[in-house]
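Here is the structure we will look at, set down as structure tokens.
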Amino acid sequence: MTTFPNGFLWGASTAPHQIEGNNVNSDWWAQEQVTPGMELSGDAVDSYHRYREDIQLLADAGLNSYRFGIEWARIEPLPGRFSKAELAHYRRMIDHCVELGITPVITLQHFTTPLWFAKDGGWSAADASDKFERFVTEATTILDGVEWVATMNEPNMQAAIMTAMKRMQEQAGGQWQSPTVEADSDEDREQASRNFLTYADPTISRKFVDIHHAAREILHARTDAKVGWTIAAGALTAAPGGEAKLEEIRYGKEDIFWEGSRGDDWVGVQAYSSQEVDATGLVPHPKRPDNTLVGTTYRPDSLEMAVRHATEVTQGVPIIITENGIATRDDAQRIRYTDEALQGLHHAISDGIDVRGYLHWTLLDNFEWGHWEPTFGLIAVDRDTFERSPKPSLAWLGAVAARNGIA
Ligand code: BGC
């Protein structure tokens, strides 16, 4: 048996817009209504009302931690107008976790923003940081006793999503392609990969780092939380001749953000697959029979690769795996993937890398940013009745948690 460190967090992650439903004051909701090819989040899986049941299922399985987000667009539906009722809603979620012995890991911002913020220039606006800081300050009023807080989810992926949305607006007639889902056609895959650097506009990336630091300062001053943010890790490798290009691409796509974690209390590593870089750029995921439902290659080893890279660039900031999982209809494959990923994670821990927890993406099948087909969940949900059906992988991960180890 392979044992993990004492007090290791074992759990699952979610994001508000993907599970709650009717996030009507957000930029995403508005975008969904006008974007060709984008499926609607609608009621999502109604976790806004059913969070008690969801957290109970997680606890009953034997997991000890739940990562969820608080939704800025609900808490501040109009500039400077905060909803006490929505803040109380999220506090009830925190309290429910604590009652069940579940350690909450809270994300303050997961891809979505209030619509008014987006209309006012979004993250590119000169006063974007001031607006976010005002929200973070308000959010601290419900964070008493919360140990782990992430300011933002995947600022690097967020930059990519912003660019994809901008392109949609520019190219009339274009179909929505979420950056979290690979395109079907070889041409589109090629284009998306090769253009990835243009997604990560360095001005916006540096701005995200500054905004994160400002939020961290507020959280440190007003709470006892350990503060970090979560980064999309590409587990990139060099194809022969691609060594220099790898460094360049990896810096723009993620290292600038890992560097921004230095001085944080922890960093969230989010890894799903691995990709090569050749002399001309990022190589599209090869199409293989076992590719996932989001078109990425089956690479459970990406987790260990990502953790090793993260610890190197952050210079040893403690790590929580805040996302790792697979979009598949085959739950046995999910278990296989997670088992292999955890073996790799354990190698990294055995080499002295400081990892505090593993939170699987994701608890519930959910809205994958404009697509409903890719299912990453440990629990299936009937989208008409909202009935939850735990998959064998939930019990499997719960048993890993109970043993604090893999067989
Ligand atoms: C995001 C999630 C997303 C997941 C799977 C991450 O990029 O944080 O919101 O659903 O990956 O694609």
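The values are calculated or read from the model by the stated rules, or taken from the named source; none is laboratory data. These numbers were taken from a predicted model, which means no experiment stands behind them. Cβ coordinates were reconstructed from backbone atoms using ideal geometry, including for glycine residues, and neighbour counts include every protein chain displayed. The protein model used for the area step is the full one, side chains on, heavy atoms only, and it has no ligands, DNA or RNA in it. Shrake-Rupley method; radii C 1.70, N 1.55, O 1.52, S 1.80 Å.
Residue count for region 287-298 satisfying the condition of being within 14 Å of the ligand (Cβ to nearest atom) and either open to solvent by 40 Å² or more (accessible area, probe 1.4 Å) or in contact with a strand residue (DSSP E or B) (Cβ under 6 Å, 6 or more places away or on another chain) (or both): 1. Selection within region 306-316: residues that are open to solvent by 10 Å² or more (accessible area, probe 1.4 Å) and touching a residue at least 12 places away in the same chain (Cβ under 8 Å). The member of this set that is nearest to S393 (Cα to Cα) is R308. Looking only at residues that are part of a helix (DSSP H, G or I) and among the polar types (S, T, N, Q) in region 350-407, which one is nearest to the ligand (Cβ to nearest atom)? My answer is S393.
Region 193-286 holds helices (runs of 4 or more DSSP H) entirely within its bounds, and those carrying 1 or more residues that are more than 16 Å from the ligand (Cβ to nearest atom) and among the charged types (D, E, K, R) map to 202-222, 243-250, 256-260. Among the residues of region 138-157, those that are open to solvent by 10 Å² or more (accessible area, probe 1.4 Å) and either assigned to a strand (DSSP E or B) or among the charged types (D, E, K, R) (or both) comprise E138, D144, E147, W148, E154. Of all residues in region 251-268, those that are charged (D, E, K, R) and buried (at least 19 other Cβ atoms within 10 Å of the Cβ) total 4. Within region 322-349, restricting attention to residues that are of a type in the set (D, E, K, R) and more than 22 Å from V149 (Cα to Cα), the residue that is nearest to the ligand (Cβ to nearest atom) is R334.
Please tell me if N324 is crowded, with 23+ Cβ neighbours inside 10 Å, touching a strand residue (DSSP E or B) at 6+ places or on another chain (Cβ under 7 Å) and within 29 Å of D184 (Cβ to Cβ). Yes; evaluated as a whole, the condition is true for this residue.
Checking the stated criteria, H346 turns out not to satisfy the condition of being on the phi < 0 side of the Ramachandran plot, touching a residue at least 24 places away in the same chain (Cβ under 8 Å), open to solvent by less than 40 Å² (accessible area, probe 1.4 Å) and not in a helix (DSSP H, G or I). Could you grab me the full set of residues in region 158-184 that are part of a loop (DSSP other than H, G, I, E, B) and open to solvent by less than 50 Å² (accessible area, probe 1.4 Å)? Within region 158-184, G174, W176, S178, P179, T180, V181, E182, A183 meet the criteria.
Restricting A306, A271, A238, A232 to those that are farther than 24 Å from E368 by Cβ and either in contact with a helix residue (DSSP H, G or I) (Cβ under 8 Å, 6 or more places away or on another chain) or modelled with pLDDT of 95 or more (or both) reduces the list to A238. Counting residues in region 68-83 that are open to solvent by 50 Å² or more (accessible area, probe 1.4 Å), of a type in the set (D, E, K, R) and either closer than 30 Å to G405 by Cβ or in a loop (DSSP other than H, G, I, E, B) (or both) gives zero.
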